[in-house]
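The values are calculated or read from the model by the stated rules, or taken from the named source; none is laboratory data. Values in this document were obtained by computation on a predicted structure and should not be read as measured data. Positions of Cβ are backbone-derived with ideal geometry, glycine not excepted, and every protein chain shown enters the neighbour counts. Keep in mind that these areas ignore ligands, DNA and RNA; they rest on the heavy atoms of the full protein, side chains included. Shrake-Rupley method; radii C 1.70, N 1.55, O 1.52, S 1.80 Å.
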Amino acid sequence: MRPPSSSRERIFPPRTLREFVQYLKAHGDEVKQAHGGIGASSHMACLLFTSAAGVKPSLVAYRGTAPALNDLVGGHVDFFCEQVVSVAPQIASGTIKAYAVSSLHRLPTLPDVPTAKEAGTNYEMSIWAGIFAPKDTPKAIVDKVANALDRALDDPGVKQRLADLGGVIPAKNERTPAKFDSFVKSEIARWSPILKATTSDTK
């Protein structure tokens, strides 16, 4: 996401994600990428994006989303990867432009914004939340909590609120402790090489 082209057309002309990736490849570290701090979702999301795109922009760290977003709007940095819930108002008002969403499908809150894969980049990421317990927690208690969460996610009010925030609820058959355990392990395997490469680059 970045300020709309109308305000900075001469120095940042890309109009689509495909053009944006081409621009990044051509200009490298001249392009400034904001993030809300090492390890923040905005940092991790852009790590995955730049890895998928094969580019290395200059990173500009901030203490949180708000100051990073302010500098993006002000034109001091060029792009930012952030959760929809944090930037939807700015996108709707035209203050910033959304090139793509990183979800598998378009979001109801941003129906005109394509997915990254639709736009030509093999990039998929979601910010997820889960409930964890100590490893020795009895299975009966784990199942009870999981069932309560499952029922809550089926509540129409909860569904609507999450949709309004740009969230997506997992399919019914994905909401089991076993499925979540498998998902967490796959995420660890997915992120480990990216984080190791980033750590070695900063040494």
Study note, to complete from the structure: Which residues qualify? For Lys97, with a placed amide H closer than 5 Å and at least 5 residues away or on another chain, they are Arg2
Check your understanding: In nanometres, what is the gap between the two model label sites at Thr176 and Lys135, each 7 Å from Cα along Cα-to-Cβ?
Key -> 2.3 nm
Review point. Can you list the lysines whose alpha carbon is less than 17 Å from that of Lys179, not counting same-chain residues fewer than 8 positions off?
Key: Lys135, Lys139, Lys144
Exercise for review: Hey, can you grab everything whose amide H is under 5 Å from the amide H of Leu59? Only 5+ residues off in sequence or another chain; H modelled, so Pro and N-termini drop out.
Suggested key: Gln33
**Study point:** DSSP-loop trypsin sites (Lys or Arg not before Pro) across region 92-141, with at most 12 other Cβ within 10 angstrom
**Key:** Lys135
Study note, to complete from the structure: The equivalent-ellipsoid semi-axes of region 13-112, taken as the square roots of five times the Cα gyration tensor eigenvalues and listed largest first in whole Å, are 19, 17, 14
**Study point:** Neighbour-limited loop hits for chymotrypsin sites (Phe, Trp or Tyr not before Pro), region 92-160 (at most 13 other Cβ within 10 Å; DSSP other than H, G, I, E, B)
**Key:** Trp128, Phe132
Point to revise | Additional length obtainable on full extension of the chain from Asn147 to Val85, 0.36 nm per residue less Cα span | key: 19.6 nm
Check your understanding: Each residue of region 153-158 in turn: what ³J(HN,Hα) in whole Hz from Karplus with 6.51, -1.76, 1.60 and θ = phi - 60°, glycine and Pro shown as x?
Key -> 6, 8, 5, x, x, 5
Practice item. State which stretch of the chain is the longest one without any exposed GluC sites (Glu not before Pro), exposure meaning a DSSP loop state and at most 13 other Cβ atoms within 10 Å. Key: 10-117
Review point. Roughly how many whole Å is it from the C-alpha centroid of region 101-132 to that of region 177-194?
Key: 18 Å
Review point. Averaged per residue, what accessible area in Å² does the chain show with a 1.4 Å probe, protein chains only?
Key: 60 Å²
Exercise for review: State log₁₀ I(q)/I(0) for the chain at q = 0.07, 0.09, 0.12 Å⁻¹ as given by the Debye formula over alpha-carbon point scatterers of equal weight, solvent excluded.
Suggested key: -0.24, -0.40, -0.69
